[in-house]
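The values are calculated or read from the model by the stated rules, or taken from the named source; none is laboratory data. From a predicted model like this one, the values you see are computed outputs, not experimental measurements. Positions of Cβ are generated from backbone atoms using ideal geometry, with glycine treated the same way; all protein chains shown enter the neighbour counts.
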Amino acid sequence: METFLQEGLVLLKAALWAVALSLVMALVAGFLTYLERKVAGHMQARLGPNRVGPYGLLQFVADGVKLFLKEDLIPSDADAPLFRFGPYLVFVGSFAVFAVLPFGERIVATDLNIGLFYVLAITSIETVGLLMAGWASNNKWALLGAMRSAAQSISYEIPVGVSFLIPIVLAGSMSMQGIIHAQAGGFGLLGWNVFHNPFALAAFFVGCTAMVAEINRTPFDLPEAESELVAGYNTEYSGMRFAFFFLAEYANIFVVSMIAAAIFLGGWQIPSPFKDILPFGLAGSFVLLAKAAVLVFIVLWVRWTLPRVRVDQLMGVCWKYLTPMALVCLMGTAVWMWAFPGRIFFGLFGTA
(Lines give C-alpha, C1' and ligand atoms only; values in the text may rest on other atoms or scores of the structure.)
Protein backbone atom coordinates (compact mmCIF):
# COMPACT_ATOMS: atom_id res chain seq x y z
CA MET A 1 0.00 0.00 0.00
CA GLU A 2 2.80 2.37 0.90
CA THR A 3 4.59 1.64 -2.37
CA PHE A 4 1.36 2.26 -4.25
CA LEU A 5 0.94 5.66 -2.57
CA GLN A 6 4.53 6.62 -3.33
CA GLU A 7 4.10 5.73 -6.99
CA GLY A 8 0.85 7.70 -7.05
CA LEU A 9 2.59 10.76 -5.61
CA VAL A 10 5.35 10.47 -8.21
CA LEU A 11 2.78 10.30 -11.01
CA LEU A 12 0.87 13.25 -9.54
CA LYS A 13 4.05 15.32 -9.33
CA ALA A 14 4.89 14.43 -12.94
CA ALA A 15 1.37 15.38 -14.05
CA LEU A 16 1.55 18.74 -12.24
CA TRP A 17 4.92 19.49 -13.85
CA ALA A 18 3.49 18.55 -17.26
CA VAL A 19 0.53 20.90 -16.81
CA ALA A 20 2.78 23.71 -15.56
CA LEU A 21 5.23 23.29 -18.44
CA SER A 22 2.36 23.15 -20.96
CA LEU A 23 1.06 26.48 -19.68
CA VAL A 24 4.55 27.99 -19.73
CA MET A 25 5.15 26.77 -23.29
CA ALA A 26 1.79 28.07 -24.51
CA LEU A 27 2.26 31.48 -22.88
CA VAL A 28 5.86 31.83 -24.08
CA ALA A 29 5.04 30.81 -27.66
CA GLY A 30 1.93 33.01 -27.75
CA PHE A 31 3.75 36.05 -26.37
CA LEU A 32 6.58 35.57 -28.88
CA THR A 33 4.10 35.75 -31.76
CA TYR A 34 2.99 39.12 -30.37
CA LEU A 35 6.59 40.24 -29.80
CA GLU A 36 7.64 39.31 -33.33
CA ARG A 37 4.79 41.33 -34.82
CA LYS A 38 5.76 44.34 -32.68
CA VAL A 39 9.45 44.02 -33.61
CA ALA A 40 8.51 43.70 -37.29
CA GLY A 41 6.20 46.69 -37.01
CA HIS A 42 8.84 48.96 -35.53
CA MET A 43 11.44 47.83 -38.06
CA GLN A 44 9.01 48.69 -40.85
CA ALA A 45 7.97 52.03 -39.31
CA ARG A 46 4.48 50.90 -38.26
CA LEU A 47 2.80 50.09 -34.94
CA GLY A 48 2.06 46.39 -35.04
CA PRO A 49 -0.76 44.95 -32.84
CA ASN A 50 -2.24 47.71 -30.64
CA ARG A 51 -5.99 47.08 -30.45
CA VAL A 52 -6.66 43.95 -28.38
CA GLY A 53 -5.75 44.65 -24.77
CA PRO A 54 -3.26 47.25 -23.52
CA TYR A 55 -0.60 47.82 -26.19
CA GLY A 56 -2.13 44.87 -28.09
CA LEU A 57 -0.84 42.38 -25.48
CA LEU A 58 -3.90 40.13 -25.81
CA GLN A 59 -3.61 39.84 -29.59
CA PHE A 60 -2.09 36.36 -29.35
CA VAL A 61 -5.03 35.24 -27.18
CA ALA A 62 -7.46 36.47 -29.82
CA ASP A 63 -5.47 34.68 -32.52
CA GLY A 64 -5.54 31.45 -30.50
CA VAL A 65 -9.31 31.65 -30.05
CA LYS A 66 -9.75 32.34 -33.78
CA LEU A 67 -7.64 29.35 -34.80
CA PHE A 68 -9.41 27.10 -32.29
CA LEU A 69 -12.81 28.01 -33.78
CA LYS A 70 -11.77 27.62 -37.42
CA GLU A 71 -12.97 24.56 -39.33
CA ASP A 72 -10.58 21.62 -39.24
CA LEU A 73 -10.22 20.43 -42.84
CA ILE A 74 -8.68 17.12 -43.92
CA PRO A 75 -8.12 16.52 -47.65
CA SER A 76 -10.22 13.67 -49.01
CA ASP A 77 -7.19 11.75 -50.33
CA ALA A 78 -4.98 12.36 -47.30
CA ASP A 79 -3.87 9.65 -44.87
CA ALA A 80 -6.18 10.90 -42.11
CA PRO A 81 -4.56 9.24 -39.01
CA LEU A 82 -1.04 10.38 -39.95
CA PHE A 83 -2.35 13.77 -41.07
CA ARG A 84 -3.90 14.32 -37.63
CA PHE A 85 -0.92 13.02 -35.69
CA GLY A 86 1.85 14.99 -37.46
CA PRO A 87 1.31 18.40 -35.80
CA TYR A 88 1.04 16.82 -32.36
CA LEU A 89 4.33 14.99 -32.82
CA VAL A 90 6.02 18.28 -33.74
CA PHE A 91 4.49 19.87 -30.65
CA VAL A 92 5.65 17.04 -28.37
CA GLY A 93 9.21 17.37 -29.65
CA SER A 94 9.25 21.01 -28.53
CA PHE A 95 7.29 20.50 -25.32
CA ALA A 96 9.48 17.68 -24.01
CA VAL A 97 12.59 19.90 -24.06
CA PHE A 98 11.04 22.14 -21.37
CA ALA A 99 11.46 19.26 -18.91
CA VAL A 100 15.23 19.82 -18.71
CA LEU A 101 15.39 23.60 -19.17
CA PRO A 102 16.89 25.12 -15.99
CA PHE A 103 14.73 28.17 -15.22
CA GLY A 104 16.77 28.79 -12.06
CA GLU A 105 19.08 27.21 -9.53
CA ARG A 106 16.14 25.37 -7.95
CA ILE A 107 13.57 25.63 -10.74
CA VAL A 108 13.88 22.70 -13.15
CA ALA A 109 11.46 19.85 -13.80
CA THR A 110 14.21 17.24 -13.94
CA ASP A 111 17.98 17.59 -13.92
CA LEU A 112 19.00 14.70 -16.15
CA ASN A 113 22.66 13.71 -16.08
CA ILE A 114 22.42 13.40 -19.88
CA GLY A 115 20.47 16.64 -20.33
CA LEU A 116 22.06 17.87 -23.57
CA PHE A 117 21.99 14.40 -25.10
CA TYR A 118 18.28 14.25 -24.23
CA VAL A 119 17.73 17.63 -25.93
CA LEU A 120 19.36 16.42 -29.16
CA ALA A 121 17.41 13.16 -29.07
CA ILE A 122 13.95 14.53 -28.28
CA THR A 123 14.11 17.40 -30.76
CA SER A 124 14.74 14.85 -33.54
CA ILE A 125 11.12 13.77 -33.12
CA GLU A 126 10.04 17.01 -34.80
CA THR A 127 11.66 15.91 -38.06
CA VAL A 128 9.50 12.77 -38.03
CA GLY A 129 6.41 14.90 -37.41
CA LEU A 130 7.17 17.25 -40.30
CA LEU A 131 7.82 14.33 -42.66
CA MET A 132 4.61 12.69 -41.51
CA ALA A 133 2.61 15.87 -42.11
CA GLY A 134 4.00 16.39 -45.61
CA TRP A 135 3.63 12.75 -46.68
CA ALA A 136 0.12 12.31 -45.24
CA SER A 137 -1.16 15.48 -46.97
CA ASN A 138 -0.98 13.76 -50.39
CA ASN A 139 0.21 17.07 -51.83
CA LYS A 140 3.45 17.30 -53.81
CA TRP A 141 4.24 20.79 -52.50
CA ALA A 142 3.74 19.68 -48.90
CA LEU A 143 5.91 16.62 -49.55
CA LEU A 144 8.68 18.75 -51.06
CA GLY A 145 8.56 21.03 -48.03
CA ALA A 146 8.72 18.03 -45.71
CA MET A 147 11.72 16.57 -47.56
CA ARG A 148 13.51 19.90 -47.38
CA SER A 149 12.72 20.07 -43.69
CA ALA A 150 14.13 16.59 -43.05
CA ALA A 151 17.31 17.32 -45.00
CA GLN A 152 17.79 20.62 -43.21
CA SER A 153 17.08 19.38 -39.69
CA ILE A 154 19.22 16.25 -39.99
CA SER A 155 22.11 18.20 -41.53
CA TYR A 156 22.14 21.03 -39.00
CA GLU A 157 21.97 18.61 -36.07
CA ILE A 158 25.64 17.85 -36.79
CA PRO A 159 27.12 21.33 -36.08
CA VAL A 160 24.64 21.78 -33.20
CA GLY A 161 25.72 18.51 -31.61
CA VAL A 162 29.43 19.21 -32.07
CA SER A 163 28.98 22.71 -30.60
CA PHE A 164 27.22 21.17 -27.58
CA LEU A 165 30.27 18.97 -27.00
CA ILE A 166 32.40 22.01 -26.14
CA PRO A 167 30.56 23.05 -22.93
CA ILE A 168 30.27 19.33 -22.11
CA VAL A 169 34.05 18.98 -22.36
CA LEU A 170 34.63 22.17 -20.35
CA ALA A 171 32.24 21.13 -17.57
CA GLY A 172 32.82 17.37 -17.63
CA SER A 173 29.05 16.86 -17.53
CA MET A 174 26.07 16.58 -19.88
CA SER A 175 23.70 17.91 -17.21
CA MET A 176 22.57 21.46 -17.99
CA GLN A 177 22.62 22.34 -14.29
CA GLY A 178 26.08 20.81 -14.02
CA ILE A 179 27.33 22.92 -16.94
CA ILE A 180 25.91 26.07 -15.30
CA HIS A 181 27.55 25.20 -11.97
CA ALA A 182 30.87 24.74 -13.79
CA GLN A 183 30.68 28.38 -14.98
CA ALA A 184 30.73 29.74 -11.43
CA GLY A 185 34.49 30.46 -11.42
CA GLY A 186 36.31 33.56 -12.52
CA PHE A 187 35.19 37.16 -12.08
CA GLY A 188 31.51 37.36 -12.95
CA LEU A 189 31.00 36.90 -16.68
CA LEU A 190 34.64 35.83 -17.15
CA GLY A 191 33.58 32.40 -15.87
CA TRP A 192 31.19 31.89 -18.77
CA ASN A 193 32.09 29.15 -21.24
CA VAL A 194 31.93 31.61 -24.12
CA PHE A 195 34.95 33.39 -22.63
CA HIS A 196 36.92 30.27 -21.74
CA ASN A 197 38.96 30.33 -24.94
CA PRO A 198 38.72 31.67 -28.52
CA PHE A 199 37.40 28.35 -29.81
CA ALA A 200 34.52 28.33 -27.34
CA LEU A 201 33.62 31.88 -28.42
CA ALA A 202 33.56 30.77 -32.06
CA ALA A 203 31.54 27.67 -31.13
CA PHE A 204 28.89 29.89 -29.52
CA PHE A 205 28.26 31.69 -32.82
CA VAL A 206 28.46 28.47 -34.84
CA GLY A 207 26.03 26.70 -32.50
CA CYS A 208 23.57 29.60 -32.39
CA THR A 209 23.56 29.89 -36.19
CA ALA A 210 23.01 26.16 -36.59
CA MET A 211 20.20 26.14 -34.01
CA VAL A 212 18.42 28.99 -35.81
CA ALA A 213 18.65 26.94 -39.02
CA GLU A 214 17.42 23.78 -37.28
CA ILE A 215 14.25 25.49 -36.07
CA ASN A 216 13.53 26.73 -39.61
CA ARG A 217 13.84 30.44 -38.94
CA THR A 218 14.69 33.06 -41.56
CA PRO A 219 17.09 33.22 -43.37
CA PHE A 220 16.96 29.40 -43.22
CA ASP A 221 13.18 28.86 -43.51
CA LEU A 222 13.30 26.87 -46.74
CA PRO A 223 10.89 24.09 -45.61
CA GLU A 224 8.03 26.60 -45.71
CA ALA A 225 9.31 28.96 -48.39
CA GLU A 226 6.04 30.52 -49.52
CA SER A 227 7.59 32.04 -52.65
CA GLU A 228 8.61 28.57 -53.86
CA LEU A 229 6.35 25.96 -52.24
CA VAL A 230 2.97 27.62 -51.58
CA ALA A 231 3.44 27.05 -47.82
CA GLY A 232 5.55 23.92 -47.45
CA TYR A 233 4.69 20.95 -45.23
CA ASN A 234 1.69 22.73 -43.65
CA THR A 235 -0.03 23.64 -46.95
CA GLU A 236 -3.12 21.48 -46.30
CA TYR A 237 -3.53 22.31 -42.60
CA SER A 238 -6.07 24.63 -41.01
CA GLY A 239 -7.37 25.58 -37.59
CA MET A 240 -5.64 24.30 -34.48
CA ARG A 241 -3.53 21.74 -36.33
CA PHE A 242 -2.06 24.62 -38.33
CA ALA A 243 -1.49 26.50 -35.06
CA PHE A 244 0.42 23.60 -33.49
CA PHE A 245 3.21 23.96 -36.06
CA PHE A 246 3.71 27.61 -35.22
CA LEU A 247 3.27 27.05 -31.50
CA ALA A 248 6.20 24.64 -31.74
CA GLU A 249 8.23 27.06 -33.88
CA TYR A 250 7.92 29.96 -31.46
CA ALA A 251 8.47 27.72 -28.47
CA ASN A 252 11.67 26.54 -30.17
CA ILE A 253 12.93 30.13 -30.40
CA PHE A 254 12.70 30.35 -26.61
CA VAL A 255 14.18 26.87 -26.15
CA VAL A 256 17.32 27.48 -28.23
CA SER A 257 17.82 30.86 -26.56
CA MET A 258 17.57 29.28 -23.10
CA ILE A 259 19.96 26.48 -24.06
CA ALA A 260 22.55 28.91 -25.47
CA ALA A 261 22.25 31.15 -22.39
CA ALA A 262 22.61 28.16 -20.06
CA ILE A 263 25.57 26.35 -21.62
CA PHE A 264 27.57 29.28 -22.99
CA LEU A 265 26.50 32.45 -21.13
CA GLY A 266 26.64 31.34 -17.50
CA GLY A 267 22.98 30.45 -17.07
CA TRP A 268 21.59 31.72 -13.77
CA GLN A 269 25.06 32.34 -12.29
CA ILE A 270 25.43 35.78 -10.69
CA PRO A 271 28.03 37.16 -8.24
CA SER A 272 27.50 35.79 -4.70
CA PRO A 273 26.48 39.09 -3.03
CA PHE A 274 23.42 39.31 -5.32
CA LYS A 275 22.24 35.70 -5.06
CA ASP A 276 20.11 36.23 -1.95
CA ILE A 277 18.33 39.40 -3.07
CA LEU A 278 15.26 37.30 -3.91
CA PRO A 279 14.18 33.95 -2.34
CA PHE A 280 14.41 30.56 -4.06
CA GLY A 281 17.19 31.78 -6.36
CA LEU A 282 14.79 33.97 -8.33
CA ALA A 283 17.48 36.59 -8.86
CA GLY A 284 19.40 34.07 -10.96
CA SER A 285 16.21 33.15 -12.80
CA PHE A 286 15.68 36.77 -13.84
CA VAL A 287 19.30 36.96 -15.02
CA LEU A 288 18.91 33.78 -17.11
CA LEU A 289 15.63 34.97 -18.63
CA ALA A 290 17.20 38.35 -19.44
CA LYS A 291 20.03 36.63 -21.32
CA ALA A 292 17.53 34.44 -23.18
CA ALA A 293 15.40 37.52 -23.99
CA VAL A 294 18.38 39.20 -25.67
CA LEU A 295 18.99 36.12 -27.81
CA VAL A 296 15.27 35.88 -28.66
CA PHE A 297 15.30 39.48 -29.82
CA ILE A 298 18.32 38.79 -32.04
CA VAL A 299 16.51 35.82 -33.64
CA LEU A 300 13.46 38.01 -34.32
CA TRP A 301 15.67 40.85 -35.53
CA VAL A 302 17.46 38.61 -38.03
CA ARG A 303 14.17 37.49 -39.57
CA TRP A 304 13.23 41.05 -40.52
CA THR A 305 16.75 41.99 -41.63
CA LEU A 306 18.20 39.22 -43.82
CA PRO A 307 16.76 37.69 -47.00
CA ARG A 308 16.11 33.98 -47.38
CA VAL A 309 18.98 31.91 -48.80
CA ARG A 310 18.63 29.41 -51.66
CA VAL A 311 18.35 25.73 -50.83
CA ASP A 312 21.84 24.97 -52.21
CA GLN A 313 23.26 27.81 -50.12
CA LEU A 314 21.39 26.47 -47.10
CA MET A 315 23.07 23.06 -47.33
CA GLY A 316 26.40 24.57 -48.31
CA VAL A 317 26.49 26.72 -45.17
CA CYS A 318 26.01 23.59 -43.07
CA TRP A 319 28.44 21.15 -44.69
CA LYS A 320 31.09 23.54 -46.06
CA TYR A 321 31.31 26.01 -43.20
CA LEU A 322 29.47 25.32 -39.94
CA THR A 323 30.33 21.62 -39.56
CA PRO A 324 34.09 22.03 -40.24
CA MET A 325 34.18 25.13 -38.00
CA ALA A 326 32.45 23.23 -35.18
CA LEU A 327 34.95 20.36 -35.45
CA VAL A 328 37.88 22.79 -35.42
CA CYS A 329 36.41 24.51 -32.34
CA LEU A 330 36.05 21.16 -30.54
CA MET A 331 39.63 20.11 -31.27
CA GLY A 332 40.92 23.59 -30.48
CA THR A 333 39.14 23.60 -27.11
CA ALA A 334 40.63 20.21 -26.25
CA VAL A 335 44.14 21.42 -27.12
CA TRP A 336 43.58 24.67 -25.21
CA MET A 337 42.50 22.78 -22.07
CA TRP A 338 45.64 20.65 -22.31
CA ALA A 339 47.94 23.64 -22.91
CA PHE A 340 46.28 26.07 -20.44
CA PRO A 341 44.51 24.01 -17.77
CA GLY A 342 42.05 26.07 -15.72
CA ARG A 343 42.52 29.24 -17.78
CA ILE A 344 39.59 31.46 -18.79
CA PHE A 345 39.02 34.52 -20.99
CA PHE A 346 41.70 33.66 -23.55
CA GLY A 347 44.04 32.65 -20.74
CA LEU A 348 44.64 36.26 -19.67
CA PHE A 349 42.58 36.72 -16.50
CA GLY A 350 42.11 34.57 -13.43
CA THR A 351 41.55 30.85 -13.13
CA ALA A 352 38.40 28.81 -13.36
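Okay, here's what the table says:
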{"read-out": "Among residues of the range 115-145, those that are farther than 17 Å from V256 by Cα and either in contact with a Ser or Thr (Cβ under 8 Å, 6 or more places away or on another chain) or of a type in the set (D, E) (or both), counted", "value": "9"}
{"read-out": "Qualifying position, being over 20 Å from L201 (Cβ atoms), touching a helix residue (DSSP H, G or I) at 6+ places or on another chain (Cβ under 9 Å) and at pLDDT 90 or above, among A283, A293", "value": "A293"}
{"read-out": "Hey, Y34 of a type in the set (F, W, Y), touching a helix residue (DSSP H, G or I) at 6+ places or on another chain (Cβ under 8 Å) and more than 26 Å from L288 (Cβ to Cβ) or not", "value": "no"}
{"read-out": "Matching residues in the range 28-77 - criterion: being at positive phi and of a type in the set (A, V, I, L, M)", "value": "A45"}
{"read-out": "Lone qualifier among K38, K13 - being modelled with pLDDT of 90 or more, part of a helix (DSSP H, G or I) and not polar (S, T, N, Q)", "value": "K38"}
{"read-out": "The lone exception for Q6 - which of (1) in contact (Cβ under 8 Å) with a residue 60 or more places away in the chain; (2) of a type outside the set (A, V, I, L, M); (3) more than 30 Å from S137 (Cα to Cα) it fails", "value": "(1)"}
{"read-out": "Matching option when the condition is touching a Leu at 6+ places or on another chain (Cβ under 8 Å) and of a type outside the set (G, A, S), among L288, L327, L300", "value": "L300"}
{"read-out": "Hey, L21 modelled with pLDDT of 90 or more and either in a loop (DSSP other than H, G, I, E, B) or farther than 25 Å from A142 by Cβ (or both) or not", "value": "no"}
{"read-out": "Given (1) over 30 Å from N139 (Cα atoms); (2) buried (at least 16 other Cβ atoms within 10 Å of the Cβ); (3) under 23 Å from the mean Cα position of the chain (by Cα), index of the condition P49 fails", "value": "(3)"}
{"read-out": "Every residue from the range 58-73 that is at pLDDT 90 or above and not in a helix (DSSP H, G or I)", "value": "L58"}
{"read-out": "Among the residues listed as W268, W301, W338, the single one being in a loop (DSSP other than H, G, I, E, B) and modelled with pLDDT under 95", "value": "W268"}
{"read-out": "Check on L21, closer than 15 Å to W301 by Cα, touching a Phe, Trp or Tyr at 6+ places or on another chain (Cβ under 9 Å) and surrounded by 15 or more Cβ atoms within 10 Å (Cβ to Cβ)", "value": "no"}
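For (1) among the polar types (S, T, N, Q); (2) out of contact with any Ser or Thr (no Cβ under 6 Å at 6 or more places or on another chain), each residue gets a yes or a no:
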| site | (1), (2) |
| --- | --- |
| L5 | no, yes |
| G8 | no, yes |
| V19 | no, yes |
| T33 | yes, yes |
| Q44 | yes, yes |
| L73 | no, no |
| L82 | no, yes |
| G86 | no, yes |
| F91 | no, yes |
